[in-house]
Structure formats: structure tokens, C-alpha cells
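Written below as C-alpha cells is the structure these notes are about.
The values are calculated or read from the model by the stated rules, or taken from the named source; none is laboratory data. A quick note: this is a predicted structure, and the numbers were derived from the prediction, not measured. Note that we place each Cβ from the backbone using ideal geometry, even for glycine, and neighbour counts take in every protein chain shown.
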């Protein structure tokens, strides 16, 4: 594990078009400062002052890494000429069978689309205008639906679909039939109660009429008796 430092970075020069940077750091063990600069020419870092560079050679493959630069040059005598010839023939075969036909097909496609750029551009603009007009009409229709039902403006509505519409109609039809049946059953119950009440009222009315008739008959009998009594009194 290394030590991380907070460095003061500044540009101190140029190597052709590559800038040279200097990093000034404070030691974590003392109050001293040291500076490290980049070396684009040799692709390395150089200690300018305040420290000494420690060179440690280690193999990245042995430490779980990968080899970055292979500094060993292959021996020219170890190259097999037959293997090199076979590799070259395979490359030429691949070039003739795969790469060249693909390049030619790509060139044909490029010539087809770049032959008349004005017509292609006009066609693309016409298509974009048509799509924009359709999107604008759909947006206006969605905004009208949101305004009518009080929906939020940021609500995204699904596009119209025949299957969705058919399902919605079926659900609406089922719910309406269910509501009709429930309302019909509610209306039948009060009707039966009112019929019973009307029957009871008619029975009470008839009984009262009968009692009144009986009372009137008794009064008539009493009057008749009194009149007959009066007549008999007069005769005496």
C-alpha cells in the first residue's frame, strides 16, 4: 500500500505539444517538501527535489497483474517462415472472402444514400413534419382529456389501443348491468312494503266504515223508538 498526498499542481514547461507538470507535496513524516515532475520524453516521473527515487523491479504477472510492456526482442532466427507464410495466406484469404465484399457493400450503400442528398433530405424533412403533426394532434387530444376530467398536466396518457377500448367497454357494460340489477332489487322491496301498508290501511278503513254503519243503525233505532214512544204518549 502506498501513501496518498495532497499536491500543488502547476505547469512548468512543454515537451513539443505535451505540457510538463510539477507536483509539490509535503512529507507526512516531517515538515519537508518534495516535488515530482512529469517526463513526457521518457514516459516517466522525475523527483526534482526533497526526495530520492527508489527503483524496485517487479514482475506484474507475479503480483496478480498483466504485463504492459514486453522489453525482450524476439530472436529473428526463431521465426518459422512456413508459419509466417501460412499466416499471410490466411490473411489474404480472409481479405478476399470477407473484408473486401463487406467494404464493397458498404460503399454501395453509401453511394445509394449520397447519390441525391437533396431528395433524401426533403424526404426526411417531410417525414419529420408528418410525425410532428401527429404528435401535436395527440398532445392536443390528451390535453383536452386532462382538462375535461381534471387530471394533472404531468400525467402521461397511454396511446389508444383497440384491445384496451374493447376491454373498457366490456367492463363498463358489466358494471352497468350489475348496477341495474342492484337498483331493481332495491325498488322491489319498498313496493312490497307499500302494498302491505296499503292492504292494512284498506282493512282498517273497511273496519271503521263498518263500525260507523253499526253506530248509525243504532242511532236510527233509538230515534225510531223515541218517536214511537212520543206517538204513543200523544195517543194516551
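Which one of these is at pLDDT 90 or above and either outside the structural domain of residue 43 (by TED's automatic domain parsing) or surrounded by 10 or more Cβ atoms within 10 Å (Cβ to Cβ) (or both): 131, 153?
131
Residues are listed down the side, and each one gets a yes or a no for (1) touching a helix residue (DSSP H, G or I) at 6+ places or on another chain (Cβ under 8 Å); (2) surrounded by 10 or more Cβ atoms within 10 Å (Cβ to Cβ); (3) over 30 Å from residue 161 (Cα atoms):
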site: 86; (1), (2), (3): no, yes, yes
site: 90; (1), (2), (3): no, yes, yes
site: 93; (1), (2), (3): no, yes, yes
site: 106; (1), (2), (3): no, yes, yes
site: 115; (1), (2), (3): no, no, yes
site: 118; (1), (2), (3): no, no, yes
site: 124; (1), (2), (3): no, yes, no
site: 138; (1), (2), (3): no, yes, no
site: 142; (1), (2), (3): no, yes, no
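Could you please give the count of residues in the stretch 12-25 that are at negative phi and loosely packed, with under 10 Cβ neighbours inside 10 Å?
Qualifying residue count for the region: 1.
Report every pair of residues separated by at least 6 positions or lying on different chains whose Cβ atoms are under 6 Å apart, first residue within the stretch 150-175 and free of Cβ contacts under 8 Å to residues at least 12 places away in the same chain, second assigned to a loop (DSSP other than H, G, I, E, B).
none
Residues of the stretch 26-44 being loosely packed, with under 13 Cβ neighbours inside 10 Å and either touching a residue at least 60 places away in the same chain (Cβ under 8 Å) or closer than 26 Å to residue 16 by Cα (or both), which ones?
Scanning the stretch 26-44 gives 39, 41, 42, 43, 44.
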